[in-house]
Amino acid sequence: MGRLVSGGFRDGIKPLDNEEERKMWYMQSALEMSMKKEFGNNLGDIDHVVTYRGNVTLINIPIRDHVVLLSTERNANVIQIVEYTKELFDFNNNTMPEERDLLVSESI
């Protein structure tokens, strides 16, 4: 749960935290998504979860058995990013994209 499967940061982008904190972020995101899924029968499936922080916007998108974690600029167009990210994952073909500038975390 919560381990990096694929991804990283774009060239020239330095993470705001250290490796240990990123691992904690992966685990927290996977746990949060798992807990939110508990209400799926009553509320429906999760489309995405957004957290606005002082410096960044964090987006978690459940895709099959994974959670795609995105860290974007604070004023990013979240809906556009979510839609584009989902297009990267061929839902009809049920395949994962080639490695891109996305962080993919295993969910429970």
Antiparallel DSSP beta bridges within the range 24-96, percent to nearest 5: 100
Residues SER71, SER29, sorted so that the one with the fewest Cβ neighbours within 10 Å comes first: SER71, SER29
Per-residue Cβ neighbour rank within 10 angstrom, fewest leading, TYR26, TYR84: TYR84, TYR26
Karplus (6.51, -1.76, 1.60) ³J(HN,Hα), θ = phi - 60°, over the range 55-70, in Hz, Gly and Pro reported as x: 10, 9, 10, 9, 10, 10, 10, x, 9, 6, 8, 10, 10, 8, 10, 10
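Read-outs throughout are calculated quantities, based only on the coordinates presented, and are distinct from any laboratory measurement. These numbers were taken from a predicted model, which means no experiment stands behind them. All Cβ positions, even for glycine, are placed from backbone atoms using ideal geometry, and neighbour counts span all protein chains on display.
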